[in-house]
Amino acid sequence: MLQQARRLGDCLIVCVNSDASVRRRKGPSRPVTPAADRVRVLEALSDVDAAVVFDDDTPAPLLERLRPDVWVKGSDYAGAPLPEAGTVRAHGGEVVLLPLLEGRSTTRLLSTTKGHAS
């Protein structure tokens, strides 16, 4: 998905939920990987120009500052209201949903490994 997103613009900035933001959305046992580590991995990828951590419940305040021409989300958001979409469109940006690789999510990984000893 990151490779596809990169091809849609001049640069790719990935907005990363802070640890506190992830906990609010997914519960006290999350995130599995701290934000600093997630950013480090993302910035090591050739398609990613930068990764920025945000602490709000949505990336709308960050997008208000970044004003992207294209805002990419995974197709798992199809049919769901995106609170930040209005911010992107208010500045002439476009919201694009890209397909995800099936079965590759932390939530699914955790649910399939739950109860299995390492």
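The values are calculated or read from the model by the stated rules, or taken from the named source; none is laboratory data. Just so we're clear, the structure is a prediction, and the values are computed from it rather than from any experiment. Cβ atoms come from the backbone with ideal geometry, glycine included; neighbour counts cover every protein chain shown. Accessible surface is based on the protein model in full, side chains and every heavy atom, while ligands, DNA and RNA are left aside. Shrake-Rupley method; radii C 1.70, N 1.55, O 1.52, S 1.80 Å.
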For this session: Whenever you get a sec, line up Asp10, Asp56 from highest to lowest accessible area (probe 1.4 Å, protein heavy atoms).
Result: Asp10, Asp56
For this session: Leaving ligands, DNA and RNA out of it, report the carbon-plus-sulfur percent of the accessible area of the chain at a 1.4 Å probe.
Result: 52
Seminar exercise, completed: In a Gaussian network model of the chain with springs linking alpha carbons closer than 10 Å, the residue among Pro81, Pro59, Pro34 that fluctuates most is Pro81
Problem set entry | Net charge contributed by nearby residues that have their C-beta within less than 15 Å of Leu8 (K/R +1, D/E -1) | -2
Exercise. With every protein chain left in place, what is the accessible area per residue of the chain in square angstrom, probe 1.4 Å?
Worked result: 67
For this session: Give the calculated FRET efficiency between Asp56 and Asp10 to the nearest 0.05, with a Förster radius of 30 Å applied to their Cβ-Cβ distance.
Result: 0.75
Exercise. Under a no-solvent Debye model with one identical scatterer per Cα of the chain, what's log10 I(q)/I(0) at q = 0.11, 0.13, 0.15, 0.18 Å⁻¹?
Worked result: -0.40, -0.56, -0.75, -1.10
For this session: Could you grab the relative contact order for the stretch 1-101? Cα pairs under 8 Å, six or more apart, rounded to a whole percent.
Result: 29
Exercise. Roughly speaking, what is the stretch gain from Val70 to Ala20, that is 0.36 nm per residue apart minus the C-alpha to C-alpha distance, in nm to one decimal?
Worked result: 15.4 nm
